[in-house]
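Shown next, in structure tokens, is the structure this report addresses.
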Amino acid sequence: MNNDVISHRASDIRIDLLLIADMIPKGARVLDVGCGDGELLEYLRREKNVDARGIELSPDGVNKSVAKGLSVIQGNAEEEISHFPDNSFDYVILSQTLQAMGRPDRILKELLRVGKRAIVSFPNFGNWRVRLHLLLYGRMPVTKSLDYPWYSTPNIHFCTIRDFVDLCDELDIKIEKGMAVDSVGGRMGFNVMMFTNLFATQGLYVLTRD
Amino acid sequence: MSVEQENTDKDDGFAEVVTLGENDPLRLSSGETLSPFNVAYKCWGTLNEDKSNAILVCHALTGDQYARGKNPITGKEGWWPKLIGPGLPIDTDKFFVICPNVLGSCSGSTGPKETNPATGEPYGLEFPVITIADMVSAQVRLIDHLKIDKLFSVVGGSMGGMQVMHWAVNHGDRVKTAICIASTWRHSAQNIAFHEVGRQAIMADPNWRQGRYFENEDRPHAGLSVARMAAHITYMSERSLTAKFGRNLQDRDKLTFGFDADFQIESYLRYQGISFVDRFDANSYLYITRAMDYYDISAEYDGSLTAAFEGTDVKFCIMSFTSDWLYTTEESREMVRALNAVGAQVSFVEIEMDKGHDSFLLDCPDMFNIISGFLQAESDFGEGSDHE
């Protein structure tokens, strides 16, 4: 696994995106919801020959994706995903975007309506630094990866890894695979929820319908 | 070097006119036929050996084949000067660009102004009612004539975008990519309503004479001018009108309490109307607006846009403008959603512009970047996969 990550580093893609890319089989149909400038999709098309599609809110992101030859539509993820037919993708990716959704519960259901599997990553608000920040300073945490003051942040629905697992349970979503990701985007070895929720900066989950 | 020189020289010249369908009549949507018919067109760039670099540019309602270079009739610059040319988004150093005048228009292609071979006089209302499909059929004949099997791209805004969508849906095997800007998949009731106002203005002009004004000196300029004025309002946004004119008075300090052009906007519209009649034929205006009204790419598919797109291999790039209330973002999104529903390759951007529908003809860096990026990536990607 370690060697794998190092060999991939040369290909200029963020490490947390690589963890996602590694889980997607060759030739899959993939929708990246909130695809940014198309970095992950371009990598997947090149390395895994996937049939790639994206949804992105920022016109600049769409512009950059289109210039990479990707098919990306501009729009609000929660609105646009509802227009895709059931089972139109093998994998639907929601990377670092769950916390910006109006209704994270509804988007999770939508991901699994449109895709056979969903890959979801999100910042873990249960991380000890976040907890300590709130405890010590009594102010909403602003960290490197969550770099907005509370009143203007697009990240309106933070959760901890424990919250996320509970929500999946409530929605009858099966967690096929879950991993804790550290601050540099590498995979952490924890299996115990208490440690995962305390030390992971991100959660990364592969979901299917129960 | 000599080739480049030749192309630059061709920029400002008159269009080529080719006579087609002499032995093979063009069958129209109405059931009537045209034989022969002329297509006037301009080309820029050089067609490569395997004829794989051709881009067809489709013009809008009152446009013509002079997308680039000086229009020899009006003396004005072409209508997409910053989009088409060497090193520009539609790069003529790389692509062979063809821009034909649409059937029914009045800039050299067969239309109501041209001579009816059967009677020896101008067609007038003898000209058959045509559709967007018929315009495209004539373009298909032109592409056949140029011995181009498959277009690298078809590009157009507004009515040009309607031609683009018709190409993609009905001649998808001859198009690799399609760029549709500020357009729609069918004319709405509101679109038809505005066009009807324009047509009624022309037909109410006593000089129109049931379309036989060519028999007299006088032209239905008053009617055509009013039609243009009404249409021109729909091409701009309320915000851009306010920003440009507001309630400013025209060359006066106070209201005149008469019906002169007190306001700048009145003066501007009158100028738009008057300058239009010199370059456009009133009957062509009737025919082309009719063609747009009849446009609905879902019509042959029981009104299902999804069915129309089913199985398409064309790669789409669709753009709309925030302030365009004539062909709205929602209409573009309907196409995008239907394309996504059938798993087609489609990109879409709503561009922030406050100039209304006309934005597609204006200096719009976001639009230029998208088109440039899309075409560049497609040609790189296409070349890459050829080598594999």
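One table, with the values for the structure above:
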| item | result |
| --- | --- |
| Segment B:191-289, Cα convex hull volume normalised per residue, Å³ | 120 |
| Cβ neighbours within 10 Å from other chains - mean over B:348-354 | 4 |
| Loop-located chymotrypsin sites (Phe, Trp or Tyr not before Pro) in segment B:13-55 whose Cβ has at most 14 other Cβ within 10 Å (DSSP) | B:Phe14 |
| Sequence-distant lysines (8 or more away, or on other chains) whose Cα lies within less than 26 Å of B:Lys315 | A:Lys26, A:Lys48, A:Lys64, A:Lys68, A:Lys116, B:Lys42, B:Lys51, B:Lys82, B:Lys94, B:Lys147, B:Lys150, B:Lys176 |
| Cβ-placed point charges (K, R +1; D, E -1), dipole of segment B:106-166 about Cα centre in debye, nearest 20 | 240 |
| Ellipticity estimate at 222 nm from DSSP helix runs (n ≥ 4, -39,500 (n - 2.57)) divided over the protein assembly as shown, nearest 500 | -11000 deg cm²/dmol |
| Averaged over B:311-318, number of beta-carbon atoms from partner chains that fall within 10 Å | 1 |
| Charge dipole (debye, nearest 20) of segment A:1-154; +1 at Cβ of Lys and Arg, -1 at Cβ of Asp and Glu | 380 |
| Hydrodynamic radius (Kirkwood) for chain A, which is based on Cα pairs only, to one decimal in Å | 17.5 |
| Residue mean of other protein chain beta carbons inside 10 Å, A:45-57 | 1 |
| Area projected by the alpha carbon convex hull of segment B:273-335, averaged over all directions, nm² | 6.5 |
| Surface/4 of the Cα convex hull for the protein assembly as shown, nm² | 34.3 |
| Per-peptide average of other Cβ atoms within 10 Å, ordering A:130-142, B:287-299, B:115-127 highest first | B:287-299, B:115-127, A:130-142 |
| Protection proxy ranking of A:24-36, B:139-151, B:102-114, A:148-160 - average other beta-carbon atoms within 10 Å, highest first | B:102-114, A:24-36, B:139-151, A:148-160 |
| Kyte-Doolittle mean at least -1.0, axial Cα span of 24 Å or more - DSSP H helices of chain B | B:365-387 |
| Cα point-scatterer Debye curve for chain B, base-10 log of I(q)/I(0) at q = 0.08, 0.09, 0.13 Å⁻¹ | -0.41, -0.53, -1.12 |
| Where Rh is the Kirkwood radius over Cα pairs, Rg/Rh for segment B:313-374 | 0.98 |
| Signed unit charges on C-beta, dipole axis of segment B:191-289, positive-most listed residue B:Gln200, B:Ser240, B:Tyr268 | B:Ser240 |
| Dimensionless Rg ratio for segment A:90-210, taking C-alpha atoms and the 2.2 N^0.38 Å reference | 1.04 |
| GluC sites (Glu not before Pro) restricted to DSSP loop in segment B:171-218 with at most 10 other C-beta within 10 Å | B:Glu217 |
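Read the figures in this text as sums done on the coordinates, not as results from a lab. Since the model is a prediction, treat every value here as computed from it, not as a measurement. Please note: Cβ atoms are built from the backbone with ideal geometry, for glycine as well, and neighbour counts cover all protein chains shown.
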